[in-house]
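One structure below.
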Amino acid sequence: MLLALVVILGVGVAAGGWWWGQQRAPVAVAAQTSPHLDVRQASYVTLDKIVVMLKTDQSLRTGNTYMSLDLVLRTDKLHEKAAKAELPMLKGVAVRTLSQVAMEQAKAMSIDEWTDLLTADLVAAYASHPDLRPFDKVMVSRLIIE
């Protein structure tokens, strides 16, 4: 009798673990997927006039250093309107990311490093709903540090 109870309890725990694993699996897969955009119908949306003041060492007492940046987001004709509607939110994410960069670090970074930094944060903004991301590539089209 005790053996039957242990077997039933074991089967119940195994079934519960399997069910719990099945419930969590779609979330993990969704976080890794990218939007399904038709590259053959590529369209580009500009996110321009992003201006931030870079962090500087207060002991140097130098003037303020500003960065101006323009981005281009690759989308397709179907998602172009959605991408344009998301521009204010994306600009906010970009400003938040760029305002954390120190002046010395900014001057040492290449365009590819800027692209990687901004892509990571802009994609992360859609982490909870990656299928709603209206772009698949972020490109830096202009970068000025003064």
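The values are calculated or read from the model by the stated rules, or taken from the named source; none is laboratory data. Here the structure is a predicted model, which is why all the values come from computation and not from measurement. To get the accessible areas, we keep the full protein, side chains included, count just its heavy atoms, and leave off ligands, DNA and RNA. Shrake-Rupley method; radii C 1.70, N 1.55, O 1.52, S 1.80 Å.
A few points about this structure:
- Protein-only accessible surface order, largest first, of 91, 107, 81 at 1.4 Å: 81, 107, 91
- In this structure, the amide hydrogen of residue 54, modeled 1.01 Å from its nitrogen in the peptide plane, lies closer than 5 angstrom to those of 65, 66, 67, counting only residues at least 5 positions away or on a different chain.
- Anchor residue 84: lysines whose Cα lies under 29 Å away (excluding residues fewer than 8 positions away in-chain): 49, 137
- Overall form of the stretch 36-120 per C-alpha gyration tensor (a/c, 1.5; a/b vs b/c): prolate
- Around the amide H of residue 141, modelled in the peptide plane, lie the amide H atoms of 70, 71, 72, all under 5 Å away and 5 or more residues distant in sequence or on another chain.
- Principal semi-axes of the equivalent ellipsoid, √(5λ) from the alpha carbon gyration tensor of the stretch 96-146, are 24, 12, 8 Å from largest down.
- Based on C-alpha pairs under 8 angstrom that are at least 6 apart in sequence, the stretch 41-99 has a relative contact order of 46 percent.
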